[in-house]
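Note sheet for the following structure.
The values are calculated or read from the model by the stated rules, or taken from the named source; none is laboratory data. On a predicted model such as this, the values are computed, not experimentally measured, just so you know. Quick reminder, even Gly has a Cβ in these numbers, built from the backbone with ideal geometry, and neighbours come from all protein chains shown.
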Amino acid sequence: GGEDPRFIARRLAILASEDVGLADPFALVLAVSTMQAVESVGLPECVINLSECVIYLALAPKSNSSYEAINKAMQIAHLTNNIPVPRHLLNIEDSGYKYPHEYGGFVKQRYLPKEIQEKFYNPRNIAKEAKLSEIYKKLWQERFKE
């Protein structure tokens, strides 16, 4: 009896993104690998793969910042679905788009319509996300002035 191990593996992949998230991005890699192992190994041995993943996820630092960000972005998109995409992001010649690879990998340009001012991602100062937070705050200093 019991639950189908493929269902458990799927739930672990969701947990890895929703609850561990950017605090430990490797959690998702492990969870997806666990899903693949469950498919290829099967019962009864795949319970070992599930156990390893469960222990890792249970002990991993937690951050739901990406989960909160996508939920907020989807809510705003639903409320503003008639606002056009900024011209420079359309596939139009001479639109004014700045290709980040030609600017050291980052360009301060608007990616949202000017009608949308919300900030969706609020980084956490937790584990690996702390490093991402540092980078984010350095690139967009004006968003983090107090």
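Among the residues of the stretch 58-84 satisfying the criterion of being outside any loop (DSSP other than H, G, I, E, B) and of a type outside the set (A, V, I, L, M, F, W, C), which is farthest from Pro123 (Cα to Cα)? Write out each step before concluding.
Taking the stretch 58-84 and keeping what is outside any loop (DSSP other than H, G, I, E, B), we get 58-59, 65-79.
Next, only the ones that are of a type outside the set (A, V, I, L, M, F, W, C) stay: 65-68, 71-72, 75, 78.
Working: Ser65: 6, Ser66: 8, Tyr67: 11, Glu68: 10, Asn71: 15, Lys72: 14, Gln75: 19, His78: 23 Å.
Step by step, filter the stretch 58-84, then rank; the result is His78.
Let me spell it out: the conditions are (1) without any contact (Cβ under 8 Å) to a residue 40 or more places away in the chain; (2) within 30 Å of Asp24 (Cβ to Cβ), and Lys98 meets all of them except one. Which number is the exception?
So Lys98 meets the others, but not (2).
Restrict the check to the stretch 36-49 and report whether at least one residue is surrounded by fewer than 11 Cβ atoms within 10 Å (Cβ to Cβ) and under 23 Å from the mean Cα position of the chain (by Cα).
Looking for residues that are surrounded by fewer than 11 Cβ atoms within 10 Å (Cβ to Cβ) and under 23 Å from the mean Cα position of the chain (by Cα), one finds none in the stretch 36-49, hence no.
Out of Arg124, Arg110, Arg87, report the one residue that is modelled with pLDDT under 95, among the charged types (D, E, K, R) and within 26 Å of Asp19 (Cα to Cα).
Arg124
Look through Glu52, Glu115, Glu102 and report the one residue that is at pLDDT 90 or above and either under 19 Å from Leu22 (Cα atoms) or surrounded by 11 or more Cβ atoms within 10 Å (Cβ to Cβ) (or both).
Glu52
Report whether or not Lys128 is part of a helix (DSSP H, G or I), of a type outside the set (A, V, I, L, M, F, W, C) and in contact (Cβ under 8 Å) with a residue 60 or more places away in the chain.
Considered against the rule, which asks whether it is part of a helix (DSSP H, G or I), of a type outside the set (A, V, I, L, M, F, W, C) and in contact (Cβ under 8 Å) with a residue 60 or more places away in the chain, Lys128 comes out as yes.
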